[in-house]
Number of protein chains: 2
Amino acid sequence: MGSFSAVALDGLPEIAAGTDLAALLAQAAGASGAGLDGGLADGDVLVLAHKAVSKAEGAVRRLSDVTPSPRAQMLAQQGGKDPRHVQVVLDESAELLRAERGVLICVTHHGFVCANAGVDASNAPADEPETVILLPRDPDGSARALRARLRELTGAAIGVIVTDSFGRAWRHGQVDVAIGIAGVAPSDDWRGRTDSVGRELRATWIATADELAAAADLARGKDSRQPAVVLRGLAAHVTADDGPGVRALLRPAAEDMFRR
Amino acid sequence: MGSFSAVALDGLPEIAAGTDLAALLAQAAGASGAGLDGGLADGDVLVLAHKAVSKAEGAVRRLSDVTPSPRAQMLAQQGGKDPRHVQVVLDESAELLRAERGVLICVTHHGFVCANAGVDASNAPADEPETVILLPRDPDGSARALRARLRELTGAAIGVIVTDSFGRAWRHGQVDVAIGIAGVAPSDDWRGRTDSVGRELRATWIATADELAAAADLARGKDSRQPAVVLRGLAAHVTADDGPGVRALLRPAAEDMFRR
């Protein structure tokens, strides 16, 4: 029997720049009502929506500080958007893959392909409605730092995944995917391994970290006040070292049939 | 606190054409060791890898019955593949989006965009290694029939999702997605709903059924003998009626920036 559970953490306050996020997470996981038998344990995977990380790291921009370029003004006009917001999207992008009907599909400096380079105005700090939230500068680094600090604070050897909600080609809606990974195998590669009659096993290269991200999102409350979810029972995917991080999940442009 | 659990069902035999799959699933879920407190319950979501459905429905083809066309022979030669297998892929496709280095990205007759039109030689029946498994003809219909029959057999009002493992543009590896849906809201649309300071909430259009599919895959054993997973605690996504099915998750070609 394979099984696991997912538990969203309650009681996290609004995150401010400089917050010791790991301390808040350790406390929330250890609370008596958290449903985690006293807190984080070896083999748990902590999945965290990036906005909490970005806010703690100060990866935000005030639109009042942004001067839109002519290109941002043109794109904003086409899409009926705030040109300052578009300028931030361009600043966060290495490349613009598509720009249609106000939708900007970008390649971020990290190499993620996503709408608006992950720049988001929703859930910005309540006292600063003109602020947009960026992706963390180095989401793998963020995940590694959280993992190390949580190990210090709780003693538990866990994995950490930082997520964002990405749209997909061909299908409606968004699913949460991994954008930063520490202590979790990004994927599970069965290519070349064969079944009992010599045929290749399964669909064969499973993006485990993205499935973990998607699973965690299902446990969250509707109001986004639950950025953190603990997955328990999936220790087989947790690794002793930090591992290669999210880069292992990014298809190089030269191998990608849908960047052209 | 939001939480859910995922349990893979043990004890399913090899599925043959004509098998009463619902009866097998009800029995496996009700077994004392299944970890489901006696079986399926209202609000559960049963997630089922399509191969079990395809085998039960006879949605398979023997390669010995297939005569490859000149086009299939050409594509097979380019990719180092069996031309009969390629012919089956073409038969299952409404359109071929890309053909490079032996990878065929197809639009199936259902409208799914995926590699090889979902045609798969792995996990074919052990006694027929020259058989390939197709996607079910009507995966929503399959899900609806299973849901109705499971209701008859167990009394439980559940949701059913039939899945396949799809690759993605831009990212390595595959994740399980929904290809047939009954009694589950395909997505959760927050567009236009605003937070306490009037900004749009969350990333706003969540492909719930695909996240359910991905979550379930994590509970499965490595050897693919666990096609069925029960998700419990997510009754908020289960609906009284069968609902619109997977079509609600398919982006129409005219709106799709990555079909061109």
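The values are calculated or read from the model by the stated rules, or taken from the named source; none is laboratory data. The shown structure was predicted, so the numbers you read here are calculated from the model rather than taken from an experiment. A quick note on method: Cβ atoms are made from the backbone with ideal geometry, for glycine too, and the neighbour counts reach across all protein chains shown. SASA here: full protein model, heavy atoms, side chains in, ligands and nucleic acids out. Shrake-Rupley method; radii C 1.70, N 1.55, O 1.52, S 1.80 Å.
Can you give the accessible area of A:Arg71, probe radius 1.4 Å, in Å² rounded to 10?
Using a 1.4 Å probe on the heavy atoms, I get roughly 130 Å².
For chain A, count the residues as N, evaluate 2.2 N^0.38 Å, and divide the Cα radius of gyration by that value, please.
Numbers: Rg = 19.2 Å, N = 260, 2.2 N^0.38 = 18.2 Å.
Rg over 2.2 N^0.38 Å, computed on Cα atoms: 1.05.
Using only the alpha carbons of the range B:3-97, what is the convex hull's orientation-averaged projected area in square nanometres?
Details: hull surface 38.1 nm².
The directionally averaged projection comes out at 9.5 nm².
How much accessible surface does A:Met257 have with a 1.4 Å probe, in Å² rounded to 10?
20 Å²
Averaged across B:171-183, how many Cβ atoms of other chains sit within 10 Å of each residue's Cβ atom?
On the way: counts 14, 13, 16, 9, 12, 5, 4, 1, 0, 0, 0, 0, 0.
Counting Cβ atoms of other protein chains within 10 Å of each residue's Cβ and averaging gives 6.
Longest exposed-loop-site-free stretch of chain A, with GluC sites (Glu not before Pro), DSSP loop and at most 16 other Cβ within 10 Å?
Values: sites that count: A:Glu14, A:Glu130.
After excluding every exposed loop site, the longest remaining stretch is A:131-260.
Note the distances from B:Asp138 to each other copy's matching label point, with points 7 Å along the Cα-to-beta-carbon direction, in nm, sorted shortest first.
The answer, with the shortest distance listed first, is 5.6 nm.
Run through the other copies and list how far each one's label point is from that of B:Ala23, in nm with one decimal, shortest first; the point sits 7 Å from Cα along Cα-Cβ.
Label-point separations across copies, in nm and ascending: 6.3.
Ignoring ligands, DNA and RNA and using a 1.4 Å probe, state the total buried accessible area between A and B in Å², rounded to the nearest 100. Don't skip to the answer; put the middle values down first.
On the way: alone 13530 and 13510 Å², together 19870 Å².
For chain A against chain B, roughly 7200 Å² becomes buried.
Taking a point 7 Å out from Cα toward Cβ as the label site, list the nm distances between B:Gly58 and the same residue in every other copy, smallest first.
The answer, with the shortest distance listed first, is 6.9 nm.
Determine the shape class of the range A:60-133: with a ≥ b ≥ c the square roots of the Cα gyration tensor eigenvalues, call it rounded for a/c under 1.5, and otherwise prolate if a/b is greater than b/c, oblate otherwise. Display every interim value, and only then the final one.
Numbers: a/c = 1.74, a/b = 1.27, b/c = 1.37.
Oblate, since a/c reaches 1.5 and b/c is not below a/b.
Using the Kirkwood formula on the Cα atoms of the range B:214-260, what hydrodynamic radius do you get, in angstrom to one decimal? Write out the running numbers ahead of the final one.
Working: mean 1/r = 0.0705 Å⁻¹.
It is 14.2 Å.
Within the protein assembly as shown, count lysine pairs with alpha carbon atoms under 29 angstrom apart where the residues are 8 or more positions apart or belong to different chains.
Counting lysine pairs in the protein assembly as shown gives 10.
Helix-only mean residue ellipticity at 222 nm, chain A, DSSP H runs n ≥ 4 weighted -39,500 (n - 2.57), per residue, nearest 500. What is it? Each step should come with its number before you reach the end.
Working: 6 runs with 65 residues, N = 260.
Rounded to the nearest 500, the figure is -7500 deg cm²/dmol.
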